[in-house]
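Trainee: Dropping the structure in here first, questions after.
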Amino acid sequence: MLQQTQVNTVIPYYERFMQQFPDLRSLAQAQEDEVLHLWAGLGYYSRARNLHRAAKTIMEKFKGQFPDTPLALESLPGIGQSTAGAILALAFHHRAPILDGNVKRVLARFHGITTPVNEKSTESQLWELAEKHTPAKRIADYTQAIMDLGATLCTRSKPQCGRCPLMKNCSAHQQGIVDVLPIKKAVRALPVRTATFLVFKQDNCVLLQKRPPTGIWGSLWSMPEIEGKPDFERIRRFSQRQFKLTTFHHQPLESFRHTFSHYHLDIFPVIIPVKKIATKAARARQQGMEEMPQIWYNPHQPEPLGLPKPVERILRMMP
DNA sequence: TACGCGTGGGA
DNA sequence: TTCCCAAGCGT
């Protein structure tokens, strides 16, 4: 949960998750939809699918015994070198380095690294430095300490060098370049995409599709969508072709912007009243798309499924 | 190597 | 409003 996500954001999700899945066995036995339901809103949903798979793998391949070597840990989906290091150090008190965002910043400043930290060569250099600094004794304390140093004193903006125990030996501080480190390669502006979300409404129910396991909102449930702004003629043809639904009018809801890590999505929700439920859903004939499971979802009697934030938002916007 | 992958908070 | 980026990983 903490990968690329701040502690304060994670806490309520963590509490609910641990209440529902207090141990490996309960998580391994859960339905994926149930896991994604508890993850919904947190983002990066591959983490949830990977965690679920990892629990199953530990139960089956590792006979319920949590692995405690870098090789075994990194063989689990969703656990890379840094997460493996954190588990080894914090859970098992084994000597292992980590390199998360906080540690990168601390090391880049302490050693005065002026090359972009998001370049491969610099990253390799930082891993070497992390390895050198990692002590044999009190590894859990050290690991927590260097992360907390980055989170509390050696912050991105307004670092509190005067309170830092490493100030005297900090290269960036000595050179007066703390504020400009770490250097990052410029990222280009996010592209803007537009989509019409089709809210097929029947009584109190809305048609949702399970999305493919890869790509945005993988394995979560969402409305059918059409690229571009609402166009009633396109909506009519799409509804007929994909769902055998005949539509006569539609009611636009207020559009809004949702921003992903790599693009903006301007969403135009459109309510489309439907009289008859299509008993046999038409196959998704779109390119490369398998037949997608569909449900009529009643927001007033919600089921434990993973719904992306904008889908939740649209359901709340419904009259 | 570069990119895909969510969401929310702070500046 | 917009930008940055946060306990990274997989492909």
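The values are calculated or read from the model by the stated rules, or taken from the named source; none is laboratory data. Predicted, not measured: the structure shown is a model, and the values here were computed from it. Glycine also receives a Cβ, built like all others from the backbone with ideal geometry; neighbour counts cover every protein chain displayed. These accessible areas exclude ligands, DNA and RNA; they are computed on the full protein's heavy atoms, side chains included. Shrake-Rupley method; radii C 1.70, N 1.55, O 1.52, S 1.80 Å.
Trainee: What number of residues within region A:38-58 satisfy the criterion of being part of a helix (DSSP H, G or I) and either within 11 Å of DNA strand B (Cβ to nearest atom) or among the hydroxyl-bearing types (Ser, Thr, Tyr) (or both)?
Mentor: The number of residues fulfilling the criteria is 7.
Trainee: If the requirement is being among the basic types (Lys, Arg), at pLDDT 90 or above and within 16 Å of DNA strand C (Cβ to nearest atom), which of these qualifies: A:Arg193, A:Arg156?
Mentor: Exactly one residue qualifies, and that residue is A:Arg193.
Trainee: Residues of region A:217-247 being of a type in the set (Phe, Trp, Tyr) and either farther than 15 Å from A:Ile272 by Cβ or in a loop (DSSP other than H, G, I, E, B) (or both), which ones?
Mentor: Within region A:217-247, A:Trp217, A:Trp221 meet the criteria.
Trainee: Hey, among the residues in region A:88-102 that are open to solvent by 30 Å² or more (accessible area, probe 1.4 Å) and more than 9 Å from DNA strand C (Cβ to nearest atom), which one's nearest to the chain's Cα centre (by Cα)?
Mentor: Among those residues, the one meeting the criterion is A:Ala91.
Trainee: Would you check if A:Pro70 is touching a Ser or Thr at 6+ places or on another chain (Cβ under 6 Å) and at pLDDT below 95?
Mentor: Here the answer is no, as A:Pro70 does not meet what is asked.
Trainee: Restricting attention to region A:61-70, does a residue exist that is within 16 Å of DNA strand B (Cβ to nearest atom), open to solvent by less than 70 Å² (accessible area, probe 1.4 Å) and among the acidic types (Asp, Glu)?
Mentor: no
Trainee: Check region A:236-254 and report whether any residue there is surrounded by 14 or more Cβ atoms within 10 Å (Cβ to Cβ) and within 15 Å of DNA strand B (Cβ to nearest atom).
Mentor: So far as region A:236-254 goes, no, none of its residues is surrounded by 14 or more Cβ atoms within 10 Å (Cβ to Cβ) and within 15 Å of DNA strand B (Cβ to nearest atom).
Trainee: Inside region A:103-122, can you point out the residues that are within 12 Å of DNA strand B (Cβ to nearest atom), open to solvent by 40 Å² or more (accessible area, probe 1.4 Å) and within 24 Å of A:Lys158 (Cα to Cα)?
Mentor: Correct list: A:Thr115, A:Asn118.
Trainee: Mind counting the residues in region A:185-202 that are away from DNA strand B (no atom under 15 Å from the Cβ) and either crowded, with 20+ Cβ neighbours inside 10 Å or basic (Lys, Arg) (or both)?
Mentor: Total meeting the criteria: 5.
Trainee: Same structure, new question: Could we say that A:Thr214 is farther than 22 Å from A:Ala86 by Cβ, assigned to a loop (DSSP other than H, G, I, E, B) and away from DNA strand C (no atom under 14 Å from the Cβ) here?
Mentor: no
Trainee: Report yes if A:Thr83 is open to solvent by less than 50 Å² (accessible area, probe 1.4 Å) and either part of a helix (DSSP H, G or I) or over 30 Å from A:Lys309 (Cα atoms) (or both), otherwise no.
Mentor: Considered against the rule, which asks whether it is open to solvent by less than 50 Å² (accessible area, probe 1.4 Å) and either part of a helix (DSSP H, G or I) or over 30 Å from A:Lys309 (Cα atoms) (or both), A:Thr83 comes out as yes.
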